[in-house]
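So the structure is just underneath, and the comments pick up after that.
The values are calculated or read from the model by the stated rules, or taken from the named source; none is laboratory data. The structure presented is a predicted model; accordingly, all values stated were derived computationally and were not measured. Cβ: placed from backbone, ideal geometry, glycine included. Neighbour counts: every protein chain shown.
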Amino acid sequence: MAALNRNELDQLERRELHLTVLAVVFVLVLASGLALFMYPLVFVRPDEANKWMLRVAFFGFCVLTLLFVAYLLDHQRTVRKLKQHLLSELERNVELRHQAGVDLLQSMPDLNNFWDRLTMEYRRAMTMQKTISLLLVKAKISVSSSKPDGQTAAWSDAAKAISRKLRPTDSIYRLAPDLFGVVLPETDTLNAKRVALRLQEELQAVRANHGTAFDITVHNCPEHVKSAHELEDIVKSLLPDRQGLSDTVLTP
């Protein structure tokens, strides 16, 4: 859903105000001119037979003119209130979406859970002579999404998009602010690349909405790596130095 532009709303409000002022001036000029033409016939040289009827019509016309001007001004005030209410609701929705994204990212398994799961899946693959694949989804931050709120929305939307394309046995982890890891048990390289292609297609919407592109790399054991330490080094090469050095080391 496209976000409303505050500048466009301000411009629309100014146009509405200009039209209202123009309409009020136009009505007052016409009413004043008509009242000036009516005044001699009503008060200076009145027809005695219709004197009170003309005066009632004159004052009624003046009252209707004032009521119409009051309506125009009240209409402008109502439009301004609607605009302010719309902006407040928009800001509230943005805050709720941002908080929902923050909650989603905080609830995702982190790097420690990733090491544990990867160790378990690697040992299981070696014991059962199966394959295991790892997808690393690295985000490329653009200028438009460099703000913290924009990054949070991009990461949460990306996590949702990735989760929709995973199997029940697969798992996703947030390894770093701009890095996701997806563990694919019993998946060879060909199927892992197919999963990566589906994820890339799903992430196109995130790129269109937030201007954030994603690089997905496929790592398979034992085709690409022969040991758990090699798989660990690939992951740590994409992590911040302090984060990669302080975490648990995989044991084959």
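I'd like to check something: does segment 39-47 contain any residue that is under 29 Å from ASP74 (Cβ atoms) and assigned to a helix (DSSP H, G or I)?
Step one: list which residues in segment 39-47 are under 29 Å from ASP74 (Cβ atoms), which gives 39.
After this cut, where a residue has to be assigned to a helix (DSSP H, G or I) as well, the list is 39.
Yes, some residue in segment 39-47 is under 29 Å from ASP74 (Cβ atoms) and assigned to a helix (DSSP H, G or I).
For the subset of segment 151-182 comprising residues that are basic (Lys, Arg) and assigned to a helix (DSSP H, G or I), which member is surrounded by the most Cβ atoms within 10 Å (Cβ to Cβ)?
LYS160
Taking segment 109-126, which residues are surrounded by fewer than 16 Cβ atoms within 10 Å (Cβ to Cβ), touching a residue at least 24 places away in the same chain (Cβ under 8 Å) and of a type in the set (A, V, I, L, M)?
MET126
Of these, VAL102, VAL94, VAL69, VAL56, which one is over 30 Å from PRO222 (Cα atoms) and over 41 Å from the mean Cα position of the chain (by Cα)? Reasoning before the result, please.
Details: VAL102 fails: over 41 Å from the mean Cα position of the chain (by Cα); VAL94 fails: over 41 Å from the mean Cα position of the chain (by Cα); VAL69 fails: over 41 Å from the mean Cα position of the chain (by Cα).
Within the list VAL102, VAL94, VAL69, VAL56, the selection yields VAL56.
Assess whether THR217 counts as being among the polar types (S, T, N, Q), under 23 Å from ASN112 (Cα atoms) and either modelled with pLDDT under 85 or touching a Phe, Trp or Tyr at 6+ places or on another chain (Cβ under 6 Å) (or both). Step through it out loud before you land on a result.
Numbers: among the polar types (S, T, N, Q): yes; under 23 Å from ASN112 (Cα atoms): yes; either modelled with pLDDT under 85 or touching a Phe, Trp or Tyr at 6+ places or on another chain (Cβ under 6 Å) (or both): no.
Answer is no for this residue.
Taking VAL63, is it in the same structural domain as LEU12 (by TED's automatic domain parsing), modelled with pLDDT of 85 or more and either surrounded by 12 or more Cβ atoms within 10 Å (Cβ to Cβ) or part of a helix (DSSP H, G or I) (or both)? I'd like the intermediate steps shown before the answer.
Values: in the same structural domain as LEU12 (by TED's automatic domain parsing): yes; modelled with pLDDT of 85 or more: yes; either surrounded by 12 or more Cβ atoms within 10 Å (Cβ to Cβ) or part of a helix (DSSP H, G or I) (or both): yes.
So VAL63 fits the description; yes.
Here is a check on your reading of the model: is ARG55 under 29 Å from GLU16 (Cβ atoms), modelled with pLDDT of 80 or more and either in the same structural domain as VAL42 (by TED's automatic domain parsing) or surrounded by 13 or more Cβ atoms within 10 Å (Cβ to Cβ) (or both)? Quick ask: steps written out before the conclusion?
Working: under 29 Å from GLU16 (Cβ atoms): no; modelled with pLDDT of 80 or more: yes; either in the same structural domain as VAL42 (by TED's automatic domain parsing) or surrounded by 13 or more Cβ atoms within 10 Å (Cβ to Cβ) (or both): yes.
Answer is no for this residue.
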